[in-house]
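Following: one structure in structure tokens, then a few remarks.
Every number here is computed from the coordinates shown, using simple stated rules; none is lab data. Keep in mind the model is a prediction, meaning the values are calculated, not measured. Using ideal geometry, Cβ is built from the backbone for each residue, glycine included, and neighbour counts are taken over all protein chains shown.
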Amino acid sequence: MFSSSPFNPVSPQEQVISHLFIVMLIILTGIFVLVAWLVTYNCIRYRHRKGAPLPPQRTGLKWLEIVWTALPVLLLAVIFVLTVRAMHHSDPDTPQRTPDIVLIGHQWWWEVRYPHAGVTTANEIHLPVGQAQLVEFRSADVIHDFWVPQLGRKMDMIPGHPNRMWLDVTQTGTYLGVCDEFCGAQHAWMRLRVLAQPPDHFRNWLRQQQTVPAQPTGNMAEQGRHIYQQYTCGNCHAIRGTPQNQVQVAPDLTHVASRETLGAGVLNNSPQNLAKWMRNPQAIKPACYMPDFHLNGQQVQELVAYLETLR
Amino acid sequence: MSDIVIPRGLVAEPPAPPSTRRGLWRWLTTVDHKDIGILYLWASLIFFVAGGIEALLIRWQLAVPNNHLLSPEAYNQIFTMHGTTMIFLVANPALFGLANYIVPLMIGAGDMAFPRLNALSVWLVYFGGFILYYSFLSGGAPDAGWFAYTPLSEISYNIGNGVNYWDFGLLLMGMSSVLTSINLIATIITMRTPGLSIRRLPLFAWMVLVDSFLVIMALPALNASLVMLLVDRYLHGGFFNPALGGSAVLWQHYFWSFGHPEVYIVILPAFGVYSEVIPVFSRKPIFGYEFVALSSVAIAVLSFAVWAHHMFAVGMGHSLDAVFAFGSMLIAVPTGVKIFNWIATMWQGSIRFTTAMCWAIAFIVTFTIGGLSGVAFAVVPIDWQTTDTYFVVAHFHYVLVGGTVFGIFAAIYYWFPKITGRMLSERLGMWNFWTFVIGFHLTFFIQHFLGLMGMPRRVYTYPNLPWWGAFNMISTIGALVTLVSVLIFVWNLYVSARHGAIAGDNPWDGWTLEWATSSPPPPENFHRIPPVRSRRPLWDLAHPEDPDWAREGAV
């Protein structure tokens, strides 16, 4: 139930938050039980009974007021100290150097850049386990929010206001995340995956992403590449090794076939689903910015054949 | 000059003649605070039905994963309208309506200080609501959420007219709230009957007074930012548009510097209701009157120092986060003081479980859950996880429904006999109460878990992750139970207004002045006002052997 929740931390930062959360839940539950018990006790003990005399008309007790003002103040003082300590441990200071990863929110997908390697991908972040990564958060349009519960705090992605934080994952695995600031029609399908890999796997992945895909071979794929040009897909999407290798309006497709999902999580990535998407993206992710190109079945198959070469 | 007679209290306009008109024309032209109070309550009920239908559509859509019942555009309009409606067209008018009807009676006044201004205020609410809902007919309702974050609400990302209607509608309602509050402050300060000093003011009137100050200080922040957004949208201004050198975050500061006080604006009058209902049905005076009253002032002051706790995820820096965390924790103290005083009022009492009292008791327990999860949000790292998730949806429904809506129900069961002259059915009332409380907790408690499992708020659908479908289905079933409850409530209003038992002047054996006049009160409110020598003038009348003023003298 709580497998991908804040209570299943995979980073030292989230460990701190999870621990504080549990401490707070215990304190708050204790207070609730006290209040609920007092109310229940009063309701049973002091319910109206037929013929009972009027109760004493007591109007207050000063020392009691002082007690239930002072005790919460003391408790909150303790909680405040715990809070400030946890803030620093769960969100350590960030340096002013080039970030390891730049995450850019778009309506409704994630652009992931690795500035050192010159790699750009989309909707999934690959990370080396055990090596803290400095991440910068930006937005290309409206406010988005990066939230992967198991990794730590969430961070807004605000146009004109870049934010930074550390991602320090200590366990290999795939962690689900999502945009957590309402960002328009398809906010629901702006989902994200973080793939934490052993460092050597991560290096291999990065090297693979740096390569320029080979020219497609085979009739279908070549036809697909032709359709890609003809339908001006490159006005929005970039593929390195083609003339349109810089645009950043829509996800970079250089290695699209190597990704796990399509449409920022709306479909699992498979040739069948890619064909489904291509036939009419508006049927799958209504109001997304990719129009329905009214491709026929043949064209769809050829495009899929081409895109599947981009591994 | 010498022939000008200044009447007692502040009456800037000539006193309005009692209305002799009947039917629709009477309601359109009335300046009687009781009629206006009823008009407010009607507005609240009408929009409660609209906002409730929107809530049901939301729950219907989310009942199962990957649902395609509503398009994402339609869903976003519906949740935006649900939030806007419930805050501005249900909570505000219900509380202003109760204040309008009850406060002048409680303080022994003949009407509000400015009767015509009062009429203007209520019609501005109707007009604002009409403009907001007209957006559905004009090509699309607003769809940027009830707090309309920029730049999503800017023309570059929102080209429809919905946000414009939202903006104009809210401006009208915002003006209305400010005008009503000025009116209430003037009324409470200048028109109290002799003997009713500020230290004897009934707590409902006390909270309405504090609330009104809160409104006239908080609403201008909203009104100003609404105008700035209009400048951005119509005149290509750039206040909130980073592309033109503005700041996207600025809107959040402006909006929440209104928005968080607004939370207290809709809760303080409800606190006032509980502070009347709990003593009357415990047959004891309120415990710690001064502390209940002054803690409201503390809440009002602190409510201006907490707004940025809505923005901990923005990346404001730890120092600023800590300052607002401190304020947000502090505000729990006066709120806790109130809770403990209400519990102490019940202590050693003789509790009558009328429907009104049941709402008040359910409030203490339910609101405590919402208040405590609120403290969790002040713990910044917890907020970094839970903000904008279903955990926060659960939290604010516990506060706003468990606090404000339960309070409105309590108030209606308590004062309906005064307003109509007939009792609401207690049998239907109990059905209404239990179905609502069960439906409410069924809907919202489980949403805490959904949030902790990673479900963001404001999503039109969600993937079929483990347990998500089942938990959402339970929440939807809860909403359907609540629907049944609301139908019972409306039926109760309808039947009881026609056939309910005759109430008499003082069916609950209450102690404040509104119970000293007939039910419903005559146009001039009172034929004769009993002497006020303590906080409970009607107790003093009924118990000459043990009057409160003797006790007060001792204190």
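The residues listed here are B:295, B:303, B:319, B:275; of these, the one that is closer than 23 Å to residue B:145 by Cβ and outside any loop (DSSP other than H, G, I, E, B) is B:303. Against the definition (over 16 Å from residue B:155 (Cβ atoms), over 27 Å from the mean Cα position of the chain (by Cα) and not basic (Lys, Arg)), how does residue B:247 come out, yes or no? When the stated conditions are applied, residue B:247 passes them. Of the helices (runs of 4 or more DSSP H) lying entirely inside the range A:187-285, those containing at least 1 residues that are surrounded by fewer than 17 Cβ atoms within 10 Å (Cβ to Cβ) and in contact with a strand residue (DSSP E or B) (Cβ under 8 Å, 6 or more places away or on another chain) are A:199-210. With the structure loaded, tell me whether residue B:336 is more than 15 Å from residue B:284 (Cβ to Cβ), in contact with a Pro (Cβ under 6 Å, 6 or more places away or on another chain) and part of a helix (DSSP H, G or I) or whether it fails that test. Spelling it out, residue B:336 is indeed more than 15 Å from residue B:284 (Cβ to Cβ), in contact with a Pro (Cβ under 6 Å, 6 or more places away or on another chain) and part of a helix (DSSP H, G or I). Among the residues of the range A:227-242, those that are free of Cβ contacts under 8 Å to residues at least 40 places away in the same chain and more than 19 Å from residue A:122 (Cα to Cα) comprise A:229, A:230, A:232. Of everything in the range A:105-143 that is small (Gly, Ala, Ser) and away from chain B (no Cβ under 14 Å), the residue that is surrounded by the fewest Cβ atoms within 10 Å (Cβ to Cβ) is A:118. When the range B:526-536 is filtered for residues that are surrounded by 14 or more Cβ atoms within 10 Å (Cβ to Cβ) and touching a residue at least 60 places away in the same chain (Cβ under 8 Å), the ones remaining, listed by number, are B:526, B:529, B:532, B:533, B:534, B:535, B:536. The criterion of being more than 7 Å from every other protein chain (Cβ to nearest Cβ) and either surrounded by fewer than 24 Cβ atoms within 10 Å (Cβ to Cβ) or under 14 Å from residue A:125 (Cα atoms) (or both) holds for residue A:177. Between A:17, A:44, the distinction of being free of Cβ contacts under 8 Å to residues at least 12 places away in the same chain and part of a helix (DSSP H, G or I) belongs to A:44 only. For residue A:98, the conditions (1) closer than 22 Å to residue A:191 by Cβ; (2) among the hydroxyl-bearing types (Ser, Thr, Tyr); (3) away from chain B (no Cβ under 14 Å) are fulfilled apart from (1).
Considering only the range A:183-200, state which residues are out of contact with any helix residue (DSSP H, G or I) (no Cβ under 9 Å at 6 or more places or on another chain) and touching a residue at least 60 places away in the same chain (Cβ under 8 Å). Listed by number, the residues that qualify are A:183, A:194, A:198, A:199.
Restricting the range B:69-108 to residues that are more than 27 Å from residue B:261 (Cβ to Cβ) and not in a helix (DSSP H, G or I), the residue that is nearest to the other protein chains (Cβ to nearest Cβ) is B:71.
Test residue B:368 against the criterion of being of a type outside the set (Phe, Trp, Tyr) and either free of Cβ contacts under 8 Å to residues at least 40 places away in the same chain or touching a Leu at 6+ places or on another chain (Cβ under 8 Å) (or both), and give yes or no. It is true that residue B:368 is of a type outside the set (Phe, Trp, Tyr) and either free of Cβ contacts under 8 Å to residues at least 40 places away in the same chain or touching a Leu at 6+ places or on another chain (Cβ under 8 Å) (or both). Is it the case, given these coordinates, that residue A:19 is facing another protein chain (nearest Cβ under 7 Å) and not hydroxyl-bearing (Ser, Thr, Tyr)? No: the conditions fail for residue A:19. Is there a residue in the range B:260-268 that is under 30 Å from residue A:157 (Cβ atoms) and aliphatic (A, V, I, L, M)? Yes, the range B:260-268 contains at least one residue that is under 30 Å from residue A:157 (Cβ atoms) and aliphatic (A, V, I, L, M).
For the range B:147-196, which residues satisfy the criterion of being closer than 30 Å to residue A:142 by Cβ, more than 13 Å from chain A (Cβ to nearest Cβ) and not aromatic (Phe, Trp, Tyr)? Correct list: B:161, B:164, B:167, B:169, B:170, B:171, B:172, B:173, B:174, B:175, B:177. Assessment of the range A:52-74 against the conditions (of a type in the set (Phe, Trp, Tyr), facing chain B (nearest Cβ under 7 Å), within 22 Å of residue B:282 (Cα to Cα) and not in a helix (DSSP H, G or I)) yields no matching residue. When the range B:533-551 is filtered for residues that are in contact with a helix residue (DSSP H, G or I) (Cβ under 7 Å, 6 or more places away or on another chain) and part of a loop (DSSP other than H, G, I, E, B), the ones remaining, listed by number, are B:533, B:534, B:535, B:536, B:547.
A search for C-beta distances below 6 Å between a residue of the range B:122-140 that is more than 28 Å from residue B:32 (Cα to Cα) and any residue that is crowded, with 19+ Cβ neighbours inside 10 Å, counting only pairs 6+ apart in sequence or on different chains, returns B:135/B:141; B:135/B:162; B:135/B:165; B:140/B:162.
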